[in-house]
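One structure is given below, encoded as structure tokens.
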Amino acid sequence: TTNSSLRLASSRVSSVALGSSLLLICYEGKNNASAHENDNKHKRQTTVGDSSLRHVLRAIDRTTLPRYTTCESFEKQSNKDSYPNFTRHGNHSLLKKYLTREVYQQLKDKKTSNGITLEDIIASGVALPLGGNPPRGLGVYVGDAECYRTFAPLLNPMISEYHGTSEANTDFRLALKRHSTNLDPEMVLSQRPDPTGEYILYTRMRVARSIEGFVFAPAISRYQRRRLDALVQHCVQDWNEGGKYVPLYDMSNAQHDDLIKRHILFHDPDEWAISGGLGRDWPDSRGIYCNDWERTPNVMIWCNSEDHLRVISMRKGGDLHGVFTALSRTVQAMESSLKSRGHKFVYDERLGYLNTCPTNLGTALRASVFVKLVRLGRQPGFKELAKKLRLQVHTGYGHTDRRYTGIFDVSNAERLGKSEVQLLNIMIQGVGKLIELEKRLEKGETVNLNEIQ
């Protein structure tokens with residue numbers, strides 16, 4: 001009978017749990033003499049209309065309720081259970097690998113001078129593990145430059161593995177020398193990887209840059225973003241290039257979609273960017289500078305997308321030297337214009353240029369060519385060869401189109417630890433080797449990619 005009554009009473013408690021559980025927990029904690037009168041009042045309140053509730057407070061086993069003594073301790077206990085759930089993230093996730101419970105406990109209460117917390121920088125990495133597009137690799141977006149120091153116990157090993165800057169169990173910052181920048185086109189190799197123009201369809205290069213005095217995209221306020229947008233618009237007016245800056249708000253839908261289709265404008269934020277805070281107020285204070293609006297431009301500057309700035313140069317064919325020259329001049333022009341207004345790029349002696357994603361450190365350069373390698377791309381060991389040549393290879397189709405085209409997006413695999421000129425020269429030599437092998441296969445030769453050095 002006692003058990004039956006207890007089950008009945010318990011069911012009554014469950015039915016009002018959402019409204020009364022916190023009240024009951026707080027009640028149990030008030031066991032000192034000074035709270036005696038309030039306790040009696042609370043007892044009277046809880047028994048109005050249902051005398052069985054009083055018996056529950058006396059008879060129910062205390063193990064069936066959380067053993068919290070105060071409302072404050074309830075919050076403290078909850079914090080102990082706030083470690084992210086990585087069970088569905090897969091082994092490719094560097095966030096899962098390096099954000100151990102120990103590291104989480106070490107960093108969870110830290111924040112930068114701008115108020116950026118650990119939860120802020122991992123927000124996108126812990127979201128959407130099952131179907132997020134693009135697939136998760138790093139899983140971190142930092143909110144300001146200070147994050148790289150404040151959350152170093154997490155970020156250092158992630159940066160080290162991604163950029164391959166040190167051996168295991170070695171402090172990668174000690175392994176890195178002082179970062180060197182070299183944007184001098186005269187030091188680029190004169191070698192032309194595709195002298196006949198038969199294989200490289202077009203060349204594209206970009207660098208990411210952040211501006212001191214502004215927090216990064218995941219944390220920037222609407223007011224700060226508008227100030228940054230206005231600053232960039234003023235800077236580009238210094239140049240006599242015939243170009244123009246156009247805010248996204250000033251574009252028609254048709255113009256916006258056309259620019260994206262032609263790979264001139266950045267895409268609207270995807271679910272991962274939104275979860276990381278990059279899509280707030282979109283498209284307020286986002287815009288693009290193009291040096292030619294009548295035809296296809298060969299110089300663009302993106303403002304307030306993932307980073308403060310993305311400076312881009314591109315053109316058809318394989319003139320890597322010409323594309324790099326245009327990129328270099330634009331970066332230097334922007335740097336000069338910012339300096340005249342009391343601003344400069346965010347820079348660290350060892351990590352180089354700092355940006356929102358730790359993949360974009362050092363030079364923050366991605367130099368790529370779209371190249372036809374129809375036969376070579378089908379050879380066993382093709383991607384392994386590219387890695388040996390310190391190149392990244394992506395297929396020329398999108399996520400939903402799995403047709404084999406034989407066209408590959410080939411880019412530099414490294415960004416950190418070398419200068420821009422060094423990375424470009426490595427790419428020129430590597431792409432030249434790939435095209436050479438493609439020509440040999442076209443002639444009917446047998447090529448063993450494992451033997452290529």
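The values are calculated or read from the model by the stated rules, or taken from the named source; none is laboratory data. On a predicted model such as this, the values are computed, not experimentally measured, just so you know. Please note: Cβ atoms are built from the backbone with ideal geometry, for glycine as well, and neighbour counts cover all protein chains shown. Areas reflect the complete protein model, heavy atoms only, side chains present, ligands, DNA and RNA absent. Shrake-Rupley method; radii C 1.70, N 1.55, O 1.52, S 1.80 Å.
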Report summary line: Contact list, first residue from the range 109-123 and within 17 Å of residue 277 (Cα to Cα) and of a type in the set (D, E, K, R), second anywhere and open to solvent by 90 Å² or more (accessible area, probe 1.4 Å) and not in a loop (DSSP other than H, G, I, E, B), beta-carbon distance below 9 Å, six or more apart or interchain, is 120/111
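Give, as residue ranges, the helices (runs of 4 or more DSSP H) completely inside the range 208-304 that count at least 1 residues that are touching a residue at least 40 places away in the same chain (Cβ under 8 Å) and open to solvent by 20 Å² or more (accessible area, probe 1.4 Å). Can you show your working first?
Values: elements: 222-236, 253-261, 271-275.
So the answer is 222-236, 271-275.
Can you tell me which residue in the range 171-187 is nearest to the chain's Cα centre (by Cα), limited to those that are more than 30 Å from residue 322 (Cα to Cα) and at pLDDT 60 or above? Don't jump to the end; show me each part of the working.
Step one: of the range 171-187, the residues more than 30 Å from residue 322 (Cα to Cα) are 171-176.
Still in the running and at pLDDT 60 or above: 175-176.
Numbers: 175: 24, 176: 22 Å.
Once the filter is applied, the top-ranked residue is 176.
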Report task. Answer yes or no: is there a residue in the range 273-284 that is at pLDDT 95 or above and within 27 Å of residue 189 (Cβ to Cβ). Result -> no
Query - residue 318 being over 19 Å from residue 200 (Cα atoms), in contact (Cβ under 8 Å) with a residue 24 or more places away in the chain, open to solvent by less than 30 Å² (accessible area, probe 1.4 Å) and of a type in the set (Gly, Ala, Ser) - result: no
Requested in this report: Name, by its number, the condition in (1) open to solvent by 10 Å² or more (accessible area, probe 1.4 Å); (2) more than 25 Å from residue 421 (Cα to Cα); (3) not small (Gly, Ala, Ser) that does not hold for residue 332.
Outcome: (2)
Report task. Looking at (1) at pLDDT below 95; (2) of a type outside the set (Gly, Ala, Ser); (3) in a helix (DSSP H, G or I), find the lone condition where residue 138 falls short. Result -> (3)
Requested in this report: Considering only the range 223-259, state which residues are aliphatic (A, V, I, L, M) and within 14 Å of residue 282 (Cβ to Cβ).
Outcome: 248, 251
